[in-house]
Amino acid sequence: MTRALRIRGLLALAAVALSLYIALTVPVHLGLDLRGGTQIVLETRPTATADADSEATDRTLEVLRGRIDALGVAEPTLARSGSNRIVVELPGVQDPAEAADVLGRTAQLTFHEVLGTTTSADNQDEPLPKRPRSQVLADETGQNLRLAAASLTGQNVKEAAARLDQQAGAGWHVTVDFKGAGRDGWARLTGQAACAPAGDPSRRIAIVLDDKIISSPQIDPSVACGSGISGGSTQITGSFSADEAKELALLINGGALPVPVESVEQRTVGPTLGARAITASAWAAAVGTALTALFIIAVYRVMGVLATVALACYGLISYAALAALGATLTLPGLAGFVLAIGMAVDANVLVFERAREEYASRHRPSPRSALTAGFRGAFSAIADSNITTLIAAGLLFFLASGPVRGFGVTLGIGVLASMFSALVVTRVLADHAASRRRLRRRPRLTGIAHTGTVRDRLTRTQPQLLRRPRRWLAASAAVLALAAAGIAVRGLDFGVEFTGGRLIEYTTATPVDPDRARTALADAGFPRAVVQTSGDTRLTVRTDQLTNAQAAAVTDTISTLTDHADKLRDEAIGPSLGKELRHGALIALVVALGAQLLYLAARFRWLFGASAVAALAHDVVILVGVFAWLGKPVDGVFLAALLTVVGYSVNDSVVVFDRIRDLSRSDRTSPFAVLANRALLQTLPRTVNTGMGAAFILTALAVLGGDSLADFALALLIGVAVGTYSSMFTATPLAVELHKRRH
């Protein structure tokens, strides 16, 4: 065993052991659709300077989303109800009262010059807008300090983070970094305070949160008068516990609420999906995963078995990473996680197909040497395809918010875990197996010595797929036009997450089974109705926008399920995916496409980058167009599927372009179109096998997963099929045409 193999083996063992420990000790929260959670109803209150209208409530909702879901993986539901109420549903909350308290804190952070001490607190309780010049507040010890008007606010803060000072033994504190004018303002404020004598109250800076001094440190004697503290950062110290410091940092980062809120109701709600739907989806995921594993084993034999083991390790590592981040798993999230396992086979297939080529060329006389060459030859394709996906994931995380940011987190974790699984775990297992005497004597058992039916047929016939590239482009343009026509003619049926809808709450004489209620409402013409229970006799129905006649039909349907049903609440609710979130997601996607274009242009040529991004846009438009023609809802589940297609669509194109680059280095005489055709034929087996691995899982989810996953699986099936086609017959022909125009 070589030193490199030993290091890889130790890395693999350490990663798997750590992941197993995390998976067994850190629970993953289940989403509102699987387990239910806590519902908190908040009501915005007017102030002397702001009304609690729908606009202020919407702004408040977005600030609350940032507090609840900084990484975008907590899967809360927030929606405006009426003009001044916000319905917040939180999965897996241990202490609803504490959650309501954190949400209700205004988090107005200000930094003040201390004018001196006073024994009077006459205007201590006067509202802030009425005392802009000075105010009196008690410090941490109870001494009253007279404060000047705020010199800095939370809007001047770039970032806050909880830190533990282990060396000095000072415990937990919060580090605050200022931005822009805040950096100069902090230097000016501390420079003024430094002019006071040591020990004088005026040498202190008061840090105030919601009209309470939380820290009032003395300026260090080393700070010169008028110069102040440069660097634009400070620490908020106090007797903080770890949770208190993290909570304070979260509040500062989330920003102040535009208007105050008050919790008016708290209760526990049941899951939005029934037990039957959850069971059916679990069976579908298990069947799909098993079929994918059997397919890989049938194609690649012993190497397929090892790849399946590596994929299991990938699943464990990804799960542990999500658990460590405190992620919440919803049903579409779990389905996407299972799909990621199927798509993670791509890197293994790339290596095995490259090893088959090396073995078939007779340059590598043994499966082991062919495997070594396969890993070496496939590395650039694996790296480039995954880096383009990581670029998209990173930009979604930094530029978007809410569930779109969460998708960037899970996508990035999946990509990194997939690369580790293929390049480390599979490499260790494959090298060890290929060195066994039994496999050396029977090389066909490895799956490397057998080139495969698809490759044999292509090698024998050598079809000229790119003889007329414009025909492929014309076909793609025709399908694109048809999809665009569907969007223009039929329009998009946006779900309640985008448009808002109606929330009707009932109290029933007897308990109502939510599964029966869902079925009855679907039969009555409301298939998208979301039903939740709260206690034994409370039932909530959330639907798209309804007319009064339709709302009456919903009430009549519920009444047939019990002796008597009284309507407690009937309100319009706003979209849970608000305008700001959608705007940020759109900007993130556009910037991600541009960044992918630049990366591919740098790694390959600009025509490759333009072709790959054009094919991605082609895939997105066709997917949206098909859903428009079918009249399927464009909702949060569809958004998850669309982002998955965006994340993985470029991969196939990059693999083909990587092979064109390799061929052009070794063959500088053949025309570009000939090299492109040869690259297409050589990578076609990998494209087919990877697509089949994902198709097994998606078909099982679509057929066996029930209504709750049917649209999600359908969207991804369309996306995978169109993405496979476009990488071969849109991106590559477009690159050929662009090359012709340039030369």
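Quick look at the values:
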item	result
Rounded D (µm²/s) - the range 569-611, Kirkwood Rh over Cα pairs, Stokes-Einstein at 10 °C, 1.306 mPa s	125
Nearest 10 degrees, 0 to 90: helix 275-324 Cα axis against the chain principal axis	30
Cα coordinate range in the range 38-105, projected on the principal axes (Å, largest first)	35, 22, 19
On Cα atoms only, tilt of 606-630 relative to the major axis of the chain in degrees	80
Relative packing of 638-647, 658-667, which averages over residues the other C-beta atoms within 10 Å, highest first	638-647, 658-667
Ratio of the Cα radius of gyration of the range 400-497 to 2.2 N^0.38 Å, where N counts its residues	1.87
Largest-first principal axis extents, alpha carbons of the range 195-305, Å	81, 47, 25
Mean-position separation - Cα centroids, the range 23-62 and the range 344-423, in angstrom	38
At q = 0.13 Å⁻¹, base-10 log of I(q)/I(0) for the range 345-431 (Debye sum, equal scatterers on each alpha carbon)	-0.49
The range 595-655: projected area of the alpha-carbon convex hull, averaged over directions, in nm²	4.2
Spatially close lysines, pair count over the chain: Cα under 30 Å, gap of eight or more or interchain	13
Ratio of the Cα radius of gyration of the range 596-743 to 2.2 N^0.38 Å, where N counts its residues	1.14
Ranked by how many other beta carbons lie within 10 Å on average, peptides 372-385, 138-151 from highest	372-385, 138-151
Sequence-distant residues sharing a close amide H with Gly36 (under 5 Å, placed H)	Thr272
Between 0 and 90°, nearest 10: helix 3-25 axis offset from the chain longest Cα axis	50
For the chain, Cys with no neighbouring Cys Cβ under 4.7 Å	Cys313
Cα-based Rg of the range 109-256 normalised by 2.2 N^0.38 Å, two decimals	1.00
Amide hydrogen neighbours beyond the local backbone of Gly171, cut-off 5 Å, H modeled	Asp165
Whole-Hz ³J(HN,Hα) from phi, Karplus 6.51 cos²θ - 1.76 cosθ + 1.60, for the range 724-730, glycine and proline x	5, 5, 5, 5, 8, 10, 10
Hydrodynamic radius (Kirkwood) for the chain, which is based on Cα pairs only, to one decimal in Å	29.0
Hz values of 3J(HN,Hα) by residue in the range 230-242 - Karplus curve (6.51, -1.76, 1.60), Gly and Pro given as x	8, x, x, 8, 8, 10, 9, 10, x, 7, 8, 7, 4
222 nm mean residue ellipticity, helices alone, for the chain (DSSP H n ≥ 4; -39,500 (n - 2.57); rounded to 500)	-19000 deg cm²/dmol
Spin-label zone in the range 570-588 - amide nitrogen under 16 Å from a point set 7 Å from the Cα of Ser534 along the C-beta vector	570-574
For the range 501-573, the spread of Cα positions along each principal axis, largest first, Å	27, 23, 18
Placed amide H near Asp200: partners under 5 Å, 5+ positions off or other chain	none
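Throughout, read-outs are computed from the coordinates displayed, never taken from laboratory work. Just so it is clear, the structure is predicted and the values come from calculations on it, not from any experiment. Virtual Cβ from ideal backbone geometry, glycine too; neighbours counted across all protein chains shown.
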